Every structure is written in structure tokens, then in C-alpha cells.
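Q: Encoded as C-alpha cells, here's the structure I'll be asking about.
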Amino acid sequence: MLERVSPEETEARIAASHPDIRAMVDYWRMKAGSRRMPRRTDIDPGDIKAFLPRITLVDVVPDARRFVYRLVGTQEVVGRGGDPTGRAVGDAFYFESREAALASYEYVVRTRRPFCFRDPYVTPDGWREEEDTIYLPLSPDGMAVNMVLVYTRSAQFRPRLTNLSPL
């Protein structure tokens, strides 16, 4: 599915995205410097304070779970209707399907480059989402991706949360 997404297509998607997506990519590139991708420790939450409610950090783990939510911003939690922190992406995804959710992360890990999602989709609860999402790889050594920083801008944010219970 995503195997055919070229670096040029990703760059075109980023250029067409919400200005906040472009700002996150610029920040990520600045923090990477001459490296292929920055380390998690290069990312300073104080630098991106306005973006934090829409940020998700996902660990890449060496077991069957593959991807695990480490941190989910407050607006993401409210939009999802619960907090998936600590759960596998395959079990607590917020996308049209498990396969589609996992494919974005797999692409970033395999290619070690950003992926920008810009297509509308329907969530499992029937809501039509239109959003720009950037998946940015993080690496301790510049080679292996150990975390993915995700930033999302919804065209029409809809809260689904009445309390902060887990999904």
C-alpha cells in the first residue's frame, strides 16, 4: 500500500498540509541537523509547547505489539474518546482499520523518513475525518527507528471524551 509513496510525493503532501505540519517538519529537520533523523532527546517540549496537545509518541518495540503508545497529547485523547497510552497501536488505533494504522508506522520504520497522511477516512465509530498527519522517525543512532513522533491537525475537531478513562 505505502510501498509506492516516493520521497517526492511525501514532500508534496507536506507542502500542501496545514502550516503547523510544515512547522513540525521544519523543527524535526532542524533537530536532525546533518543526521538522517533526530534522537528523542533532541526534541525539547519547551520548543514545541503549542503543538503538544496534538502530539503522540509511539515506541517501536521488539515484540508482537510492534508499536506502543508512549505519550498521547490531551487533544488527541479527547478526540479519540480515551487515552491509549501503554497500549499497542494495533489494539487501540484511531484510523479506518488496524492494517492502515500499522502501515503508516511500518513505512516510517522501513524507510527511516517521514510520512505525511492527507486523505479523508472514516473512523470505526462512523465519523468522517479530514486531517493532516505527519509521522516523524526518531533514532538513537541515526539508523534504527526506535520511536515515531506523530502530529495531527484535524480539519474539524470533534471531542469524543466525557472523562479520561482508558479506551
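The values are calculated or read from the model by the stated rules, or taken from the named source; none is laboratory data. Predicted, not measured: the structure shown is a model, and the values here were computed from it. Every residue, glycine among them, receives a Cβ derived from its backbone with ideal geometry; neighbour counts consider all protein chains shown.
Q: Restricting the search to the range 7-50, which residues are among the hydroxyl-bearing types (Ser, Thr, Tyr) and touching a residue at least 24 places away in the same chain (Cβ under 8 Å)? Before you say what the answer is, go through the steps one by one.
A: From the range 7-50, those among the hydroxyl-bearing types (Ser, Thr, Tyr) are 10, 17, 27, 34, 41; that's our starting set.
Of everything in the range 7-50, those that are among the hydroxyl-bearing types (Ser, Thr, Tyr) and touching a residue at least 24 places away in the same chain (Cβ under 8 Å) turn out to be THR10, SER17.
Q: Sticking with this structure for a sec: List the number of the failed condition for ARG4; all other conditions in (1) touching a residue at least 12 places away in the same chain (Cβ under 8 Å); (2) in a loop (DSSP other than H, G, I, E, B) hold.
A: Among (1) touching a residue at least 12 places away in the same chain (Cβ under 8 Å); (2) in a loop (DSSP other than H, G, I, E, B), the lone unmet condition for ARG4 is (1).
Q: So GLU130 ticks every box in (1) out of contact with any strand residue (DSSP E or B) (no Cβ under 8 Å at 6 or more places or on another chain); (2) surrounded by fewer than 17 Cβ atoms within 10 Å (Cβ to Cβ); (3) within 27 Å of GLU9 (Cβ to Cβ) but one. Which box is left unticked?
A: (1)
Q: Only one of LEU136, LEU102 is under 24 Å from LEU52 (Cβ atoms) and aliphatic (A, V, I, L, M); which?
A: Working: LEU102 fails: under 24 Å from LEU52 (Cβ atoms).
It is LEU136.
Q: While we're looking at this one, here's another question. With modelled with pLDDT of 80 or more and within 13 Å of the chain's Cα centre (by Cα) as the only criterion, which of ARG153, ARG110 stands out?
A: From the options ARG153, ARG110, the qualifying one is ARG153.
Q: Let me ask you something else. Any idea which residue in the range 51-61 is surrounded by the fewest Cβ atoms within 10 Å (Cβ to Cβ), counting only those that are of a type in the set (A, V, I, L, M, F, W, C) and in contact (Cβ under 8 Å) with a residue 12 or more places away in the chain?
A: Of all residues in the range 51-61, those of a type in the set (A, V, I, L, M, F, W, C) come to 51-52, 55, 57-58, 60-61.
Subsequent filtering for residues that are in contact (Cβ under 8 Å) with a residue 12 or more places away in the chain retains 51-52, 55, 57-58, 60.
Working: PHE51: 18, LEU52: 14, ILE55: 21, LEU57: 18, VAL58: 24, VAL60: 20.
Looking at residues that are of a type in the set (A, V, I, L, M, F, W, C) and in contact (Cβ under 8 Å) with a residue 12 or more places away in the chain, I get LEU52.
Q: Just to verify a result, which residue in the range 62-89, among those that are within 23 Å of ARG128 (Cβ to Cβ) and small (Gly, Ala, Ser), is modelled with the highest pLDDT?
A: GLY73
Q: Can you find, within the range 36-45, the residue that is farthest from PHE115 (Cα to Cα) among those that are in a helix (DSSP H, G or I) and among the charged types (D, E, K, R)?
A: ASP42
Residue by residue, here is whether (1) closer than 20 Å to VAL145 by Cα; (2) in a helix (DSSP H, G or I); (3) touching a helix residue (DSSP H, G or I) at 6+ places or on another chain (Cβ under 8 Å) holds:
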{"site": "ALA12", "(1), (2), (3)": "no, yes, no"}
{"site": "ASP20", "(1), (2), (3)": "no, yes, yes"}
{"site": "VAL25", "(1), (2), (3)": "yes, yes, yes"}
{"site": "ARG29", "(1), (2), (3)": "yes, yes, no"}
{"site": "SER34", "(1), (2), (3)": "yes, no, no"}
{"site": "ASP47", "(1), (2), (3)": "no, yes, yes"}
{"site": "PRO53", "(1), (2), (3)": "no, yes, yes"}
{"site": "THR56", "(1), (2), (3)": "yes, no, yes"}
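Q: Any residue at all in the range 87-95 that's out of contact with any Cys (no Cβ under 7 Å at 6 or more places or on another chain), free of Cβ contacts under 8 Å to residues at least 24 places away in the same chain and under 18 Å from PHE115 (Cα atoms)?
A: yes
Residue by residue, here is whether (1) part of a helix (DSSP H, G or I); (2) surrounded by fewer than 21 Cβ atoms within 10 Å (Cβ to Cβ); (3) charged (D, E, K, R) holds:
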residue: ASP63; (1), (2), (3): no, yes, yes
residue: ARG70; (1), (2), (3): no, yes, yes
residue: GLN75; (1), (2), (3): yes, yes, no
residue: GLY79; (1), (2), (3): yes, no, no
residue: ASP91; (1), (2), (3): yes, yes, yes
residue: ALA100; (1), (2), (3): yes, yes, no
residue: ALA103; (1), (2), (3): yes, yes, no
residue: VAL109; (1), (2), (3): yes, yes, no
residue: ASP119; (1), (2), (3): no, yes, yes
